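The block underneath contains the structure these notes are about, expressed in structure tokens.
The values are calculated or read from the model by the stated rules, or taken from the named source; none is laboratory data. Since the model is a prediction, treat every value here as computed from it, not as a measurement. Cβ placement follows ideal geometry from the backbone for every residue including glycine, while neighbour counts extend to all protein chains displayed.
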Amino acid sequence: MLKRIFFILILFSGWVHSQYGSIELSSGGFSFVPAFTDASPNFIIHAGTSTNKLLSAHMIGNVRVNQINPRAFIFITRAKVLDKKDKKLKLSAGIHIPVLQIDEEDRVSKYFAQEVIATYPLSKKHALMAMYIHGKGTNNELEINLVTLSSIFQQNKFSFTSQLYYLDLDRTYGLAETISYRLSPRFDLRGFVSQTLSTPQFIWTLGLRYKL
């Protein structure tokens with residue numbers, strides 16, 4: 001119970017000082033690795049500072065709907081490496097300190113990770129993005145390398161994110177698609193599917209997101 005209160009306080013303080021935030025009620029939980037998406041209902045929380053400045057801070061939280069049990073929290077600090085107005089290519093680097101994963105018995109696994117993200121607009125509606133994440137456990141022996149390639153397309157109220165991903169852990173790779181539909185300035189519907197090709201695993205989630 002004390003751990004749950006502690007994480008809720010962290011979440012609340014993140015909202016208070018953030019410049020953007022959202023909470024989503026989803027049939028599953030978020031993961032940077034699509035194959036690791038939680039199959040049980042989650043609240044997915046995003047909060048952070050403006051991305052217009054050199055440095056920005058972000059938080060992603062997953063809380064299981066059943067008994068409001070925290071599942072994961074990620075705290076990210078990003079810096080712009082390449083962001084010139086006369087250049088299309090944008091590049092940022094970030095660190096994840098910490099990444100916390102909590103199992104159903106309240107055991108906490110801690111990780112430290114680094115990321116590099118490159119984006120390149122093809123048009124006002126279409127952009128390409130590549131991301132690399134290296135993560136290493138601080139109280140466990142897990143170490144991963146994740147590479148994703150994404151196509152992001154926006155059309156009217158719809159947003160489509162198509163993704164290829166490869167994780168060196170068990171040589172996991174597959175395809176994922178996220179479709180969002182804006183219901184209003186505050187609400188949108190989100191659908192997510194992932195097909196792991198290295199092992200026959202199909203995951204889908206549906207969610208309703210509220211922007212704070």
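Points to keep in mind about this one:
- Filtering the stretch 23-46 to residues that are farther than 27 Å from Y166 by Cα and buried (at least 18 other Cβ atoms within 10 Å of the Cβ) leaves only I23.
- Verdict on I117 being touching a helix residue (DSSP H, G or I) at 6+ places or on another chain (Cβ under 9 Å), surrounded by 15 or more Cβ atoms within 10 Å (Cβ to Cβ) and assigned to a strand (DSSP E or B): no
- Among the residues examined, T161 qualifies as in a strand (DSSP E or B), modelled with pLDDT of 95 or more, in contact with an Asp or Glu (Cβ under 8 Å, 6 or more places away or on another chain) and among the β-branched types (V, I, T).
- Residue check for L167: surrounded by 14 or more Cβ atoms within 10 Å (Cβ to Cβ), touching a Leu at 6+ places or on another chain (Cβ under 7 Å), closer than 11 Å to V33 by Cβ and not small (G, A, S): yes
- When the stretch 91-110 is filtered for residues that are surrounded by 15 or more Cβ atoms within 10 Å (Cβ to Cβ), touching a Ser or Thr at 6+ places or on another chain (Cβ under 7 Å) and modelled with pLDDT of 95 or more, only G94 remains.
- Qualifying residue in the stretch 30-40 (condition: at pLDDT 90 or above, over 13 Å from the mean Cα position of the chain (by Cα) and more than 26 Å from L175 (Cβ to Cβ)): no
- Long-range neighbours under 8 Å by Cβ, at least six apart or interchain, first residue part of a loop (DSSP other than H, G, I, E, B) within the stretch 84-97, second of a type in the set (S, T, N, Q): L89/T119
- Some residue of the stretch 170-188 being on the phi < 0 side of the Ramachandran plot, without any contact (Cβ under 8 Å) to a residue 60 or more places away in the chain and touching a Pro at 6+ places or on another chain (Cβ under 8 Å): no
- Candidate set: the stretch 53-83, residues that are over 19 Å from the mean Cα position of the chain (by Cα) and in a loop (DSSP other than H, G, I, E, B); chosen: the one nearest to E24 (Cα to Cα): K53
- Considering the stretch 169-212, and only residues there that are polar (S, T, N, Q) and not in a strand (DSSP E or B), the residue that is nearest to I60 (Cα to Cα) turns out to be S184.
- Filter result for S22 (part of a loop (DSSP other than H, G, I, E, B), within 17 Å of the chain's Cα centre (by Cα) and not β-branched (V, I, T)): no
- Restricting the stretch 170-196 to residues that are charged (D, E, K, R) and exposed (fewer than 15 other Cβ atoms within 10 Å of the Cβ), the residue that is modelled with the lowest pLDDT: D170
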